[in-house]
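**Q** One structure, pasted below without further comment.
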Amino acid sequence: MVNREVLDTIRAALEERADAERGAGAQAYMKSSIPSLGVRVPEVRRVTMAAAAAHPFASLEQLRATVLELWRDAKVREERYAAIDLTGLKMAAADLAMLPVYEEIIRTGAWWDLVDGVADRICALLQAHRPVMTGVVGEWSRDGDFWIRRAAITAQLKAKAHTDRRLLREVIDANLADPEFFIRKAIGWALREFGKTDPEWVRIFVEEQGERLSPLSRREAVRNLPLDDGA
């Protein structure tokens, strides 16, 4: 079922573009046990999309199988980036069958670049399947794995006017006491992004939370808010 042509093409193209010096630096920066080839992220995306266009997937099931094999068998970090890029293909857009794939990526990737790589996919699922995904995101916000909780907090980064304010409040409230840096950063990020759409809601939320909101989260949340009229 796996699309071998896509896998082989991606792997060969990434190897051709390897830069050992950049790869060593990237591995150190990401604190990764998986080596890096040193291929830049935009180039990984171009390689991946070209392979998918040259060897089209026959079905969503084949795409899912290919993504999972590329992810699970990855020998270098760029293969994991490529797996995430494949989930962006049109046939996978907002399909609930992809949710277990995203969850596996988050739980086993367990680092910000990989977890955040599927944030917009979770957002698309939430917009397309709101009743189901609202429950999922709510449950994720209380999960024992803080990377899953981060994914719940960042699930509406691109929702803009379609942001579910009640859900945003719920997922943040569930994590306000967590001292984990990546959670506190995510809270601030989510609030900062929504502040571009509804700055007054964010301003009121920040004021209401008071000291429950960590200094890091607060600083990120208000960074781009317009000044009060009386300021």
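The values are calculated or read from the model by the stated rules, or taken from the named source; none is laboratory data. These figures come from a predicted structure and were not determined experimentally. Please note: Cβ atoms are built from the backbone with ideal geometry, for glycine as well, and neighbour counts cover all protein chains shown. In case anyone asks, the SASA skips ligands and DNA or RNA and just uses the protein heavy atoms, side chains included. Shrake-Rupley method; radii C 1.70, N 1.55, O 1.52, S 1.80 Å.
**Q** Please verify whether S59 is without any contact (Cβ under 8 Å) to a residue 40 or more places away in the chain and among the hydroxyl-bearing types (S, T, Y), treating the condition exactly as stated. Step through it out loud before you land on a result.
**A** Working: without any contact (Cβ under 8 Å) to a residue 40 or more places away in the chain: yes; among the hydroxyl-bearing types (S, T, Y): yes.
When the stated conditions are applied, S59 passes them.
**Q** What's the total number of residues in region 150-160 that are of a type in the set (A, V, I, L, M, F, W, C), surrounded by 24 or more Cβ atoms within 10 Å (Cβ to Cβ) and in contact (Cβ under 8 Å) with a residue 24 or more places away in the chain? Even if it seems obvious, please write down each step before you answer.
**A** Start the filter on region 150-160 by keeping residues that are of a type in the set (A, V, I, L, M, F, W, C), which leaves 151-153, 155, 157, 159.
This time we only want the ones that are surrounded by 24 or more Cβ atoms within 10 Å (Cβ to Cβ), so: 151-153, 155.
From the residues that got through so far, the ones that are in contact (Cβ under 8 Å) with a residue 24 or more places away in the chain too are 151, 153, 155.
Going through region 150-160 one residue at a time, the tally reaches 3.
**Q** Something else about it: Considering only residues of region 186-231 that are part of a helix (DSSP H, G or I) and polar (S, T, N, Q), which is farthest from R149 (Cα to Cα)?
**A** Residues of region 186-231 that are part of a helix (DSSP H, G or I), as a first pass: 186-195, 199-212, 215-222.
So of that shortlist, the ones also polar (S, T, N, Q) come out as 209, 217.
On the way: Q209: 19, S217: 15 Å.
Only one residue fits best here, namely Q209.
**Q** Let me ask something additional. Consider region 1-32. How many of its residues are of a type outside the set (D, E), open to solvent by 40 Å² or more (accessible area, probe 1.4 Å) and part of a loop (DSSP other than H, G, I, E, B)?
**A** Residues that pass the stated criteria total 4.
**Q** Oh, and also: Show the residue pairs that are 6+ apart or on different chains and have beta-carbon atoms under 6 Å apart, the first residue being within region 181-195 and of a type in the set (G, A, S), the second being buried (at least 20 other Cβ atoms within 10 Å of the Cβ) and part of a helix (DSSP H, G or I).
**A** Pairs found: A186/R150; A186/I153; G188/S217; G188/E220; G188/A221; A190/I153; G195/V202.
**Q** Return the total of residues in region 95-118 being surrounded by fewer than 15 Cβ atoms within 10 Å (Cβ to Cβ) and assigned to a loop (DSSP other than H, G, I, E, B).
**A** Of the residues in region 95-118, 1 are surrounded by fewer than 15 Cβ atoms within 10 Å (Cβ to Cβ) and assigned to a loop (DSSP other than H, G, I, E, B).
**Q** Something else about it: Looking at region 79-92, is at least one residue at pLDDT 95 or above, part of a loop (DSSP other than H, G, I, E, B), surrounded by fewer than 16 Cβ atoms within 10 Å (Cβ to Cβ) and not polar (S, T, N, Q)?
**A** No, every residue in region 79-92 fails to be at pLDDT 95 or above, part of a loop (DSSP other than H, G, I, E, B), surrounded by fewer than 16 Cβ atoms within 10 Å (Cβ to Cβ) and not polar (S, T, N, Q).
**Q** Across region 33-65, what is the total count of residues that are surrounded by fewer than 20 Cβ atoms within 10 Å (Cβ to Cβ), hydrophobic (A, V, I, L, M, F, W, C) and assigned to a helix (DSSP H, G or I)?
**A** Residues meeting the conditions: 7.
**Q** Same structure again: If you take the residues in region 66-78 that are of a type in the set (D, E) and surrounded by 16 or more Cβ atoms within 10 Å (Cβ to Cβ), which one is nearest to S33 (Cα to Cα)? Give the steps one after another, and end with the answer.
**A** Kept after step one, since they are of a type in the set (D, E), are these residues of region 66-78: 69, 73, 78.
Add one more test, that the residue is surrounded by 16 or more Cβ atoms within 10 Å (Cβ to Cβ), and what stays is 69, 78.
Values: E69: 19, E78: 13 Å.
By that ranking, first place goes to E78.
**Q** Same structure, new question: Conditions: (1) touching a helix residue (DSSP H, G or I) at 6+ places or on another chain (Cβ under 6 Å); (2) under 30 Å from A28 (Cβ atoms); (3) in contact (Cβ under 8 Å) with a residue 12 or more places away in the chain. W111 meets all but one. Number of the miss?
**A** (1)
**Q** Sticking with this one: Name, by its number, the condition in (1) open to solvent by 30 Å² or more (accessible area, probe 1.4 Å); (2) of a type in the set (V, I, T); (3) closer than 17 Å to Q127 by Cα that does not hold for T163.
**A** Only one criterion is unmet by T163, namely (1).
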